[in-house]
1. Return only the number of the condition from (1) modelled with pLDDT under 95; (2) farther than 18 Å from VAL261 by Cβ; (3) not charged (D, E, K, R) that PRO52 does not satisfy.
2. Quick one: GLY249 ticks every box in (1) in a strand (DSSP E or B); (2) of a type outside the set (A, V, I, L, M); (3) open to solvent by 10 Å² or more (accessible area, probe 1.4 Å) except a single one, so which number is it?
3. Quick check on this structure: which one of GLY110, GLY96 is small (Gly, Ala, Ser), within 16 Å of the ligand (Cβ to nearest atom) and crowded, with 23+ Cβ neighbours inside 10 Å?
4. Could you list, ordered by first residue, the pairs with Cβ atoms under 7 Å in which the first is in the stretch 257-275 and closer than 20 Å to LEU62 by Cβ and the second is in a helix (DSSP H, G or I) and of a type in the set (D, E, K, R), at least 6 apart or interchain?
5. Need pairs with beta-carbon distance below 8 Å; first residue within 15 Å of GLU53 (Cβ to Cβ) and within the stretch 233-246, second crowded, with 22+ Cβ neighbours inside 10 Å and aromatic (Phe, Trp, Tyr); sequence gap 6+ or separate chains.
6. Any residue in the stretch 209-225 that's in contact (Cβ under 8 Å) with a residue 12 or more places away in the chain and of a type outside the set (Val, Ile, Thr): show its pairings with residues that are open to solvent by 20 Å² or more (accessible area, probe 1.4 Å) and in a helix (DSSP H, G or I) at Cβ separation under 6 Å, as long as the two are six or more apart or on different chains.
7. From the list GLY16, GLY7, exactly one residue is surrounded by 14 or more Cβ atoms within 10 Å (Cβ to Cβ), closer than 25 Å to LEU141 by Cα and modelled with pLDDT of 95 or more. Which is it?
Amino acid sequence: MSLEGAGPRRRRIVAGNWKMHFLAAEATGFCHELLRGLASVGLSAHTEVGSPEVVLFPSFPLLPAVAAALAGSEVAMGAQDLHPADRGAHTGDVSGPQVLDAGCRWVLCGHSERRRDHAESDELVAHKVAAAVRHGLAPLLCVGETREQREAGETLAVLERQLLSGLSPLASRPAAVGEVPAGAAAGEHAGLVIAYEPVWAIGTGLTASPETAQEAHQFLRATAAGLAGEGVPVTLLYGGSVTPANAAGLIAQPDVDGFLVGGASLDPRQFLAIIACSG
Ligand code: PEP
């Protein structure tokens, strides 16, 4: 299915995952440079004019500074995590209502660094997706295999398990994601947004080849479509050592709809270059 083909219109999205980087002043400076850069190359980060949607995922303490710096722009903000519960005795955690209140429209769910550092299970990730949707946040579900899993020929089985589990809260009502307004033009179905992030490619410089990414994306699209049904667009981002040098080859693949960018999203010029080739 091409972007222009039959079926629900898919989105182009370029997201920056800042991880545990930046202090508030640096984050503000980045946002100002990003907005200047978007304006100077005629990109508005607005889906209606054919530019990719742009989303930044700062760490929690940076959210107020980033929200202020992005105010009035089309660049959206997301949280890197949330707790499944709405409130309560969960020291150090952050709830959906809190990140929504801080100005987030998106939330990362199941990033491999959280699966690794915090032993997040598929089941916990599913609870986080459910909480995001419950609070009107758009979940960006991350899936991806480790190097060992790829070498053992388990890639597609891992992707299927993570995807079906992560989306299981939506299985009984996939249209629920369409109620999430994040970034969607008026009347448009927001749909599912999934990032394929092979763990072996994250922060290593070992980007997946366009063919490897396409193979995974094609599989994820078919698997997600079986769950989401006909009218729900599925947007698939690739993540893993994306740079301006490899983005064009990846985005040229029919099932790559955008990027989740880590390291290169810390440099506004690199991030802008990736956005520019993703429209
Ligand atoms: C990420 O952490 O989501 C990521 C893709 O990182 P990097 O681009 O640095 O590989």
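The values are calculated or read from the model by the stated rules, or taken from the named source; none is laboratory data. A quick note: this is a predicted structure, and the numbers were derived from the prediction, not measured. Every residue, glycine among them, receives a Cβ derived from its backbone with ideal geometry; neighbour counts consider all protein chains shown. Surface accessibility is based on the protein's heavy atoms, side chains included, excluding ligands, DNA and RNA. Shrake-Rupley method; radii C 1.70, N 1.55, O 1.52, S 1.80 Å.
1. The single condition PRO52 does not satisfy is (2).
2. Here GLY249 meets the rest and fails (1).
3. GLY110
4. Filtered contacts from the stretch 257-275: PRO268/GLU33.
5. Close Cβ pairs satisfying both conditions: LEU236/TYR196; LEU237/TYR196; LEU237/PHE259.
6. Close Cβ pairs satisfying both conditions: PRO210/GLY249; PHE219/LEU156.
7. GLY16
Residue by residue, here is whether (1) open to solvent by 20 Å² or more (accessible area, probe 1.4 Å); (2) within 16 Å of the ligand (Cβ to nearest atom); (3) part of a strand (DSSP E or B); (4) over 20 Å from ARG221 (Cβ atoms) holds:
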site	(1), (2), (3), (4)
GLY78	no, yes, yes, yes
ARG87	yes, no, no, yes
CYS104	no, no, no, yes
GLU120	no, yes, no, yes
ALA130	yes, no, no, yes
GLU148	yes, no, no, yes
VAL158	no, no, no, no
LEU164	yes, no, no, no
